[in-house]
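Right, one structure below, let's go through it.
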Amino acid sequence: MPINILMPALSPTMEKGNLAKWLKKEGDKVKSGDVIAEIETDKATMEVEAVDEGTIARILVPEGTQDVPVNDIIAVMAGDGEDVKAAGAAPAPAARPAEAPAAKPAAAAPAPAAAPAPKPATPAPQATTPASQGNGHARVFSSPLARRLAKEAGIELARINGSGPRGRIVARDVEDARSGKGLKAPAAAPAAGPSIAPSMSDKQILALFEPGSYEVVPHDGMRRTIAQRLTASVQTVPHFYLTMDCDIGKLLAAREEINAAAPKDKEKKPLYKLSVNDFVIKAMAIALQRIPNCNVSWTDSGMLKHKHSDIGVAVAMPGGLITPIIRKAETKSLSTISAEMKDFAARARARKLKPEEYQGGTTAVSNLGMYGIKDFTAVINPPHATILAVGTSEERAVVRAGKVEAAHIMSVTLSCDHRAVDGALGAELIGAFKMLIENPVMMMV
């Protein structure tokens, strides 16, 4: 029986991917573990390995195709001993596998999900497909993926026109609804209870501007993911903010001394060059160890208390940002942190990070000091309970022992998830960070 190769889910949040390149062509034999294609996600470009042996009989999705939904069939492979021509000549499935309840990938990500061809669906299971409720009176038939997408987009299923069998709502209907297409008029609101005004549709926004006075640049996968995650964060995570000014005069002096003493390679170049951000990462990591009740993640069933400080660091890249993670940062030297960050930043901008290098973490650092930003607030990236926003270092007038002096001051703002970190606890954390960043020698003991 021909084997369907599906668009794999290369990360827990991946919904679509771009098929960047085929590394095998029709007629090529493949073994388990062979790299057969390159897939672009919203964060990185990753290689996809075969999980079965056989011969590529037919490529259904050509390279360069964008926004291919997870679990769509991208190629068909003939198994050992099968007729390759017959497997390739078989008609392509009419329905997307992601919408068919019986079609499931046979392997976990990041390897490609290759599964036997799904059996033809019959009307009976379609009629008994689990359905979500619309306004409480009518039953709305929808696929599990469509229900999840609609929930993330904040769209009522009852307002979406379904294009699937028997009017069933599928993922593409939700995507259309996001752009304002195919939406029904909202149901009448109950007599009592608060009402929330919906966001403006594309049509309403475009109507405010003169035609020809703008250019529409379609969102790519990264920008859509950033928008969805940050919108969900500010809507579901109760943020509060704590700001402190840190005197980093000792840090700057120590940094200059350490960099001057750095060993040289054969080309007389220093083996490392520490940045202020390297000290920030280390200080935050140690502060979390000293205030362990802040090194947590909120879940509905309980609090996750992390043993290590895994620090995500925001890295700007074309079209968005990504937060590679320095694992067990409290155990690493400043030079090791510096080397890891340089490597992460280079590969992040080339979209070559692996999912395990940017997923998870226990907190994050966002530094806009290099842009001259004095202070700002950052949005928490769940499952983190905190994020530290770092401003620029500048000379300011300070009063010491009744005298006005110049000092190098850096403002930092800690965003906290109030469900997990209370005000006093957050104050302890930012206080511990301040003590460490102002006395960098304390990071060495």
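Numerical summary
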{"read-out": "Projected-area average for segment 284-406 over all orientations - Cα convex hull basis, square nanometres", "value": "10.1"}
{"read-out": "Loop-located trypsin sites (Lys or Arg not before Pro) in segment 23-65 whose Cβ has at most 13 other Cβ within 10 Å (DSSP)", "value": "LYS25, LYS31"}
{"read-out": "Rounded if a/c under 1.5, otherwise prolate or oblate - segment 249-290, Cα gyration tensor axes", "value": "prolate"}
{"read-out": "Sites matching GluC sites (Glu not before Pro) across segment 202-257 that sit in DSSP coil, with at most 14 neighbouring C-beta atoms within 10 Å", "value": "GLU215"}
{"read-out": "Mean shadow area of segment 8-66 over all directions, Cα convex hull, nm²", "value": "3.9"}
{"read-out": "Nearby lysines by direct alpha-carbon distance to LYS151 (threshold 26 angstrom, same-chain neighbours under 8 apart not counted)", "value": "LYS16, LYS43, LYS104, LYS181, LYS184, LYS203"}
{"read-out": "Accessible surface of segment 194-268, 1.4 Å probe, proportion on carbon and sulfur as whole %", "value": "58"}
{"read-out": "Loop-located trypsin sites (Lys or Arg not before Pro) in segment 359-445, at most 15 other Cβ atoms within 10 Å (DSSP)", "value": "LYS374, ARG419"}
{"read-out": "Potential extension, GLU395-GLN235 segment - 0.36 nm per residue separation minus Cα distance", "value": "53.9 nm"}
{"read-out": "Heavy-atom SASA rank of SER393, SER415 (probe 1.4 Å, accessible area, largest first)", "value": "SER393, SER415"}
{"read-out": "Peptides ranked, highest mean first, by Cβ atoms within 10 Å: ranges 290-299, 238-247", "value": "290-299, 238-247"}
{"read-out": "Proximal aspartates and glutamates to LYS352, defined as alpha-carbon separation beneath 15 angstrom and excluding residues fewer than eight positions away on the same chain", "value": "GLU38, GLU40, ASP42, GLU47, GLU340, ASP343"}
{"read-out": "Candidate lysines for bridging to LYS307, where Cα separation is under 16 Å - those fewer than 8 sequence places away on the same chain excluded", "value": "LYS282, LYS328, LYS332"}
{"read-out": "Dimensions (Å) - segment 245-326, Cα atoms, principal axes, largest first", "value": "55, 34, 27"}
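The values are calculated or read from the model by the stated rules, or taken from the named source; none is laboratory data. What you see is a predicted model; the values in this text were computed from it and never measured. Virtual Cβ from ideal backbone geometry, glycine too; neighbours counted across all protein chains shown. These area figures cover heavy atoms from the full protein model, side chains too; ligands, DNA and RNA do not enter into them. Shrake-Rupley method; radii C 1.70, N 1.55, O 1.52, S 1.80 Å.
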